[in-house]
Amino acid sequence: MGWNAVGVLVFLIVGFPVYWMVNTAFKPAKDAIDPDPSLLPTGFTLDNFHRALQIADFWGPVTRSLIVSVTVVLVGIVVGMLAALAISRFAFRGRKVVIVAILAVQMVPLVAMIIPVFLLLNDLGQYDKLSGLIITYLTFILPFTVWTLRGFIVNIPKELEEAAQVDGCTRTGAFIRVVFPLLAPGLVATSVYGFIQAWNEYLYALMLMSQKHQTATVWLANFTTKHGTEYAPMMAGSTMMAVPVVILFLFVQRKMAAGLTAGAVKG
């Protein structure tokens, strides 16, 4: 019961900001700025969502964010899986250097690379383009993808591949038929992380994209003006932005919870 109580407490602490966001999104605007707010809903209105859609174009930024996030996930998973497989299964000169370099890249603060990235994209003609933003996101999502998938691949016994090769599979066939199915939970978990990172990223989207090509996170900044912040419409916009991530998680939650090698071997 003690551990259950701790679990409930952690759930309440983690879930309260989400509850408050949704609660504020459906509140009347005047209740959202009440100095003595109520924890329970005091009213129900959809005016905040109408206001959020009126302040600026919503579907354009959301569409651009979806394009960037999905592309980053697909490219990151394909390249990251191949790189993780090479690091995990093959011995080559400089292998340890590559592993250390991947960790070192993850330790560099993203804010420290804004000016170099801006200058590089400007020289390549990729400034204010979705392709330039995708390349930028891959620089910090790809290292994490490689490192995470490497951990999953290392935990898959080599004997499974060797047994498949003894039965007549090539190395590629053994990977596709044996390793890839066992790697599926890791691919799903890594994909969800990469999607959330790309979807929620704000700093680079603000610096590298113009107002005309802004993403969904930058779109939320329209609610803060020199006259103040419209909190209720902002929470409505945040709620709408959270919907794609929630839908994605609902689709893949079983894969994320599945055992990596459950049922792979007997005994």
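Using Cα pairs closer than 8 Å and at least 6 residues apart in sequence, work out the relative contact order for the chain, in percent. Don't skip to the answer; put the middle values down first.
On the way: 251 pairs, mean separation 84.5, N = 267.
Relative contact order, the chain: 32 percent.
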Percent breakdown of C-alpha pair distances by 10 Å bin, ordered from the shortest bin, for region 125-230: 13, 29, 22, 18, 12, 5, 1, 0
Prolate/oblate/rounded call for the chain, Cα gyration tensor, a/c under 1.5 rounded: oblate
At 0.692 mPa s and 37 °C, Stokes diffusion of region 34-88 via Kirkwood alpha-carbon radius, µm² per second: 211 µm²/s
Estimated FRET transfer efficiency when R0 is 35 angstrom, pair residue 22-residue 105 (beta carbons, to 0.05): 0.45
Per residue, in Å², the accessible surface of the chain once ligands and nucleic acids are set aside, probe 1.4 Å: 59 Å²
The chain - percent of accessible surface contributed by carbon and sulfur, probe 1.4 Å: 70 percent
Coarse-grained scattering of region 162-215 at q = 0.15, 0.29 Å⁻¹, given as base-10 log I(q)/I(0) from a Debye sum over alpha-carbon atoms: -0.60, -1.01
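What shape does region 1-158 have by the C-alpha gyration tensor, where a ≥ b ≥ c are the square roots of the eigenvalues, rounded means a/c under 1.5, and otherwise prolate means a/b greater than b/c and oblate the rest?
In terms of gyration-tensor shape, oblate.
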The chain: calculated mean residue ellipticity at 222 nm from DSSP helix runs of at least 4, using -39500 (n - 2.57): -23000 deg cm²/dmol
Largest to smallest accessible area among 230, 201 [probe 1.4 Å]: 230, 201
Separation of alpha-carbon centers, region 147-161 and region 75-144, rounded to whole Å: 22 Å
Alpha-carbon radius of gyration plus Dmax, which is the widest Cα pair, for region 210-249 in Å: 11.7, 37
Per-peptide average of other Cβ atoms within 10 Å, ordering 37-50, 103-116, 66-79 highest first: 66-79, 37-50, 103-116
Vicinal HN-Hα couplings computed from phi for region 143-156 (Karplus, 6.51 cos²θ - 1.76 cosθ + 1.60; Hz; Gly/Pro x): x, 5, 4, 4, 5, 5, 5, 4, x, 5, 5, 4, 7, 8
Overall Cα dimensions of region 82-184, principal axis frame, Å, largest first: 53, 26, 23
Computed FRET value (nearest 0.05) for residue 66 with residue 184, which takes r as the C-beta separation and R₀ as 25 Å: 0.60
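The values are calculated or read from the model by the stated rules, or taken from the named source; none is laboratory data. Every value quoted in this text rests on a predicted model; they were computed, and no experiment measured them. Positions of Cβ are generated from backbone atoms using ideal geometry, with glycine treated the same way; all protein chains shown enter the neighbour counts. Each accessible area value is taken on the protein alone, full model and side chains, heavy atoms only, with ligands, DNA and RNA left out. Shrake-Rupley method; radii C 1.70, N 1.55, O 1.52, S 1.80 Å.
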